Amino acid sequence: MTEPLLRVEGLRVEFNLARGVLRAVDGASFEVQPGEALGIVGESGSGKTMALRALVGLLPPAASVTAGTVEIDGVDVTVASEVRRRELRGRTVSMIFQEPMTALNPVMRVGRQIAEMPLVRLGLSRREARDRALELMRLVGIPDPKRRSLAYPHELSGGMRQRVMIAIALSADPKLILCDEPTTALDVTIQDQILKLLGTLQRDLGVSLVFVSHDLAVIAQTCTRVAVMYAGQVVETGTVDAVFREPRHPYTLGLLRSVPDFDSVRGRLSSIPGSPPDLALPPAGCRFHPRCPFVQDDCVGAPIPLIELAGERATRCLYHERCAEDARREPVVARG
Amino acid sequence: MAETLLEAAGLHVHYELRGGFARRARGRAPEVLRAVDGVDLAIAQGETLGLVGESGCGKSTLGRTIVGIERPVAGALRYRGEPLDVGRDRAQRRRIQMVFQDPYSSLNPRMTVRQTLSELLRAHRLLPKNAIDARCRELVDLVGLGPRALAAHPRQFYGGQRQRVAIARALALEPELLVADEPVSALDVSVQATVLNLLDELRAKLGLTVLLIAHNMAVVRHVSDRVAVMYLGRIVETAPTDELFTNPRHPYTRGLLTAVPRLVPGRVSESAAVAGDPPSPVSPPSGCRFHPRCPIAQEPLCSTEDPALAGPGHHVAACHFAWRDPPPAHTPEVLQEAT
């Protein structure tokens, strides 16, 4: 096995609030191999976005990384100097945000925004950088790049703006692109275009993706491996195929069962009872136990570790076998 | 088929854009955004009609016009055969109620649930004063909240519970038609299901008719009896739900269905289901409005002639090739089957 491009070990992100410390991410661990796409899925407040932002030091001011290591391309980001980190952010890792309108500079023509990185980081001349920008715009499927490069972000459609952001993310030839809900703000036909574009780029350029989304179907279409987060913890990891067909954590199972599946016919949808816990006061033991249908006495006491399973899977559930049985009895996704 | 509850005929809702005054002063007509541009639609008593389309297609404007928030510039709405005029009386307003997408902004944050509900009941003089409190309790119970909810403010609820409060408010006036505009799209996946199930239960229990406006095709498939697809201010296809999902006749509907990401792992196809961006509703394309993005468009027919919404029985589509047999040839890489 090759060295992973990204290795996150026991990552902890805490917010200092007036009412105490809120642990948004609590001991998250995951890896991304070169050329691989990892999905991080969870609902709002699960810590998925904070985990992603912590990787590149883009946490809000009240939050900080208080434990764990993040290795990108062999460099431990948590102890590296600010200069080294900035270099990594420019060259090795880049990021695509959910809302391109707020992530792009509103008063700068998009062509110049795309050319900025090649100009500053790669040391290209102005002319070379401009040509590189046009080439990138063509690569991400922006028609008539010469004319569009002179546009300001507000003059473009949502889909075009997201393509501009992808072009910027690609502009310094990164090895890893972090995507934070990149299609959530887009319409379904435009989402489809952007997801296909990301898939093609990943395959053709061999770039790795970390894809944060609340949408299980988007993860199913774009990623090979998945980490499911709940209340700040990674509760299950494995290949998308294995995890979606036979989930081994009751939260994953509940989530999959509550998505209205396009391929199955009308019927009553199942749901997860209750609400996610307050992260300042998480439940003792398994954090999912108050909402879990399989809960036993020993789920409530000590914290549940991530248990390694066969087939490079892991779960934070003591009774994962019951969960798998349930999924075998009544399949969660229509057979493809 | 059941009795038609609400009917829209040739409905147009236009917005004058900013700068209209300046343009007019220079003797030019103001720019007009045609949000709803000639919609014919009937909703039958007791059914759930799903209205789908992408942002900017006019689906929310259509919903708001039916409720009476927006005024049509042309066309008519009829309710049980009676014309629904712009100035609706209290009884007419009561019959059609709305649930909005965002329960955070559609509820008054300074009012408790009891205040919100009882204000409505008092204003419409539906009940004697001493019966109002009992009715409030009944309403929160109906949407699955405990009586303690009555004393709470909207901020004290989670998203899903807050949407239940919004539904209780819509139901307070015993409407016959409920227009639900993206009622679950602001909610987390695991609570979406509970709200959708609730809507379905209420429909059965109270004999409601529901117009469900949504962009999520899977949501629509799960709760609708019939589906109408909207594109750029027009209805382009209407059919019973299963029929629409298994035998779509309009190329836009087919693209929309193909574009939905599936839960079955693995990539569906390399190329996008529908190319390009939707055109601006300020200057819609000539002829068929979908022709610039259509994989089966034929010149000069599609760019000059506007296809009518037509078809056999309950399934209608606005495409020149919708009912051609064999079905129109399409570019194979554009529309590949999911499985």
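The values are calculated or read from the model by the stated rules, or taken from the named source; none is laboratory data. As the structure is a prediction and not an experimental result, all values here were calculated from the model. FYI the Cβ positions are ideal-geometry reconstructions off the backbone, even for glycines, and counts take in every protein chain you see.
Would you tally the residues in the range A:189-225 being touching a strand residue (DSSP E or B) at 6+ places or on another chain (Cβ under 9 Å), surrounded by 21 or more Cβ atoms within 10 Å (Cβ to Cβ) and polar (S, T, N, Q)?
3
Every residue in the range A:193-218 that is within 18 Å of B:Ala218 (Cα to Cα) and part of a helix (DSSP H, G or I), please.
Those that are within 18 Å of B:Ala218 (Cα to Cα) and part of a helix (DSSP H, G or I): A:Leu216, A:Ala217, A:Val218.
Conditions: (1) within 14 Å of chain A (Cβ to nearest Cβ); (2) at pLDDT below 95; (3) out of contact with any Phe, Trp or Tyr (no Cβ under 6 Å at 6 or more places or on another chain); (4) closer than 20 Å to B:His250 by Cβ. B:Gly50 meets all but one. Number of the miss?
The one condition B:Gly50 does not meet is (2).
Any chance the range B:272-295 includes a residue that's polar (S, T, N, Q), within 11 Å of chain A (Cβ to nearest Cβ) and within 19 Å of the chain's Cα centre (by Cα)?
no
Looking for something touching a Leu at 6+ places or on another chain (Cβ under 7 Å) and more than 30 Å from B:Gly287 (Cβ to Cβ) - is there at least one such residue anywhere in the range B:238-245?
There is no residue in the range B:238-245 that is touching a Leu at 6+ places or on another chain (Cβ under 7 Å) and more than 30 Å from B:Gly287 (Cβ to Cβ).
So, of the residues in the range B:110-140 that are of a type outside the set (A, V, I, L, M, F, W, C) and under 27 Å from the mean Cα position of the chain (by Cα), which turns out to be modelled with the lowest pLDDT?
Here the answer is B:His124.
Among the candidates B:Leu187, B:Leu177, which residue alone is at pLDDT 95 or above and either within 12 Å of chain A (Cβ to nearest Cβ) or crowded, with 17+ Cβ neighbours inside 10 Å (or both)?
Exactly one residue qualifies, and that residue is B:Leu177.
Tell me the residue from B:Ser55, B:Ser60 that is within 14 Å of chain A (Cβ to nearest Cβ), in contact (Cβ under 8 Å) with a residue 12 or more places away in the chain, touching a Pro at 6+ places or on another chain (Cβ under 9 Å) and not charged (D, E, K, R), please.
Unique residue meeting the criteria: B:Ser55.
Does B:Arg122 satisfy the condition of being among the basic types (Lys, Arg), assigned to a helix (DSSP H, G or I) and within 27 Å of A:Ser271 (Cβ to Cβ)?
No, not satisfied.
Do any residues in the range A:272-301 that are away from chain B (no Cβ under 14 Å) have Cβ atoms under 8 Å from those of residues that are assigned to a helix (DSSP H, G or I) and of a type in the set (A, V, I, L, M, F, W, C), where the two are at least six apart or on different chains, and which pairs are they?
Short answer, once both residue conditions are applied: A:Gly285/A:Cys299; A:Cys286/A:Cys299; A:His289/A:Cys299; A:Phe294/A:Cys323.
Test each condition in (1) closer than 25 Å to A:Asp131 by Cβ; (2) in contact with a Lys or Arg (Cβ under 8 Å, 6 or more places away or on another chain) for A:Glu155 and report the one that comes out false.
Of (1) closer than 25 Å to A:Asp131 by Cβ; (2) in contact with a Lys or Arg (Cβ under 8 Å, 6 or more places away or on another chain), only one is false for A:Glu155: (2).
Considering every residue within the range A:174-188, establish whether at least one is out of contact with any strand residue (DSSP E or B) (no Cβ under 7 Å at 6 or more places or on another chain) and part of a helix (DSSP H, G or I).
Within the range A:174-188, one or more residues are out of contact with any strand residue (DSSP E or B) (no Cβ under 7 Å at 6 or more places or on another chain) and part of a helix (DSSP H, G or I).
I'm trying to understand the selection: among the residues of the range A:305-331, which are within 14 Å of chain B (Cβ to nearest Cβ) and in contact with a Lys or Arg (Cβ under 6 Å, 6 or more places away or on another chain)?
Correct list: empty.
Farther than 30 Å from B:Gly159 by Cβ, buried (at least 18 other Cβ atoms within 10 Å of the Cβ), at pLDDT 95 or above and not hydroxyl-bearing (Ser, Thr, Tyr): which single residue out of A:Val93, A:Val32, A:Val77, A:Val41 fits that description?
A:Val32
Of the residues that make up the range B:77-100, is at least one part of a helix (DSSP H, G or I), crowded, with 21+ Cβ neighbours inside 10 Å, in contact with a Pro (Cβ under 8 Å, 6 or more places away or on another chain) and in contact (Cβ under 8 Å) with a residue 40 or more places away in the chain?
Taking every residue of the range B:77-100 in turn, none turns out to be part of a helix (DSSP H, G or I), crowded, with 21+ Cβ neighbours inside 10 Å, in contact with a Pro (Cβ under 8 Å, 6 or more places away or on another chain) and in contact (Cβ under 8 Å) with a residue 40 or more places away in the chain.
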